[in-house]
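> Here it is, the structure, as structure tokens.
The values are calculated or read from the model by the stated rules, or taken from the named source; none is laboratory data. No experiment lies behind these values; they were computed from the predicted model shown. Heads up, the Cβs are rebuilt from the backbone with ideal geometry, glycines too, and the neighbour counts pull from every protein chain shown. For the accessible areas, the whole protein counts, side chains as well, though only heavy atoms, and no ligand, DNA or RNA atoms are used. Shrake-Rupley method; radii C 1.70, N 1.55, O 1.52, S 1.80 Å.
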Amino acid sequence: GIQVEQSPPDLILQEGANSTLRCNFSDSVNNLQWFHQNPWGQLINLFYIPSGTKQNGRLSATTVATERYSLLYISSSQTTDSGVYFCAVGRGDMRFGAGTRLTVKP
Amino acid sequence: GAVVSQHPSWVICKSGTSVKIECRSLDFQATTMFWYRQFPKQSLMLMATSNEGSKATYEQGVEKDKFLINHASLTLSTLTVTSAHPEDSSFYICSAKAGGANGELFFGEGSRLTVL
């Protein structure tokens, strides 16, 4: 099956800093999504981005499908950005990476 | 975005009993739904793909007789954990794609099961 690797596993930032999260995958896919899991377990859709670049406020994402990776950018981080960020990829069902645990300190 | 609702959010049961979790797509039809399981501080692991009107497809290592999945309509899938044991305690999350096979995946709120 498709392997999904996320890096870094843990990230600690000071409020206001920028960060880049990476997702590598082992095979071609037609769906790639980024999620933020809040402390209550709810998965929040951030981006549906099988290819190209998208931006939503302080967040943006880029997927280079031919090179099998995606990047999630968080600018001017806030404490509310803390949580776990997951990348999920697939061609039918979706497989998740191990996630990046982000902690933003005030 | 599309809305997926899951119920119950929390359930505590005694060992040996069965628990049913419902997953509904509220504003779209879903021929396929997906059930995931998440242990503390771990990622989401796909358990099974639920297909409307047919049998579910289970991932390797997932006992189909223990985790019964029924997808009786285009908006409802249920997961029944039969004869639950403490090791079945986990966070169960359902999801569905809006917009067809390559559509965006939306998740329910999750159900936290504790088996005593």
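> What size of dipole, in debye to the nearest 20, comes out for the protein assembly as shown about its Cα centre when the only charges are +1 on Lys and Arg C-beta atoms and -1 on Asp and Glu C-beta atoms?
100 debye
> Further, regarding this structure: Can you count the Lys pairs in chain B whose Cα atoms are under 23 Å apart, with each pair 8 or more apart or on different chains?
10
> Considering only protein heavy atoms, with the full assembly of protein chains and a 1.4 angstrom probe, order A:Phe96, A:Phe86 by accessible area, largest first.
Accessible-area ranking of A:Phe96, A:Phe86, largest first: A:Phe96, A:Phe86.
> So which residue, out of B:Thr17, B:Thr80, B:Thr32, gets the largest mean-square fluctuation from a GNM of chain B using Cα contacts under 10 Å as springs?
Of B:Thr17, B:Thr80, B:Thr32, the Gaussian network model singles out B:Thr17 as fluctuating most.
> Take chain B, connect every pair of alpha-carbon atoms lying under 10 Å apart with a spring to form a Gaussian network, then pick out the residue of B:Phe91, B:Phe67, B:Phe39 with the largest mean-square fluctuation.
B:Phe39
> Is there a quick way to get the dipole size of the range A:2-106? I mean about its Cα centre, with the Cβ of Lys and Arg at +1 and of Asp and Glu at -1; what is the value in debye to the nearest 20?
Working: 8 positive and 7 negative charges, 20 e Å.
The calculation lands at about 100 debye.
> Also: Where does the longest stretch of chain A lie that holds no trypsin sites (Lys or Arg not before Pro) found in a DSSP loop with 16 or fewer other Cβ atoms within 10 Å?
That gives A:1-57 as the longest site-free run.
> For the modelled label position 7 Å from the Cα of A:Ala98 along Cα-to-Cβ, which residues of the range A:7-34 have backbone nitrogen atoms closer than 11 Å?
A:7-10
> Another question about this same structure. Go through chain B and flag any cysteine with no other cysteine's C-beta closer than 4.7 Å, please.
B:Cys13
> Related question: As an exercise, identify the trypsin sites (Lys or Arg not before Pro) in the range B:23-54 lying in DSSP coil whose Cβ has no more than 11 other Cβ atoms within 10 Å.
B:Lys41
> Using a 10 angstrom cutoff on alpha carbons, build the Gaussian network for chain B and name the most mobile of B:Gly16, B:Gly103, B:Gly61.
Among B:Gly16, B:Gly103, B:Gly61, the largest GNM mean-square fluctuation belongs to B:Gly61.
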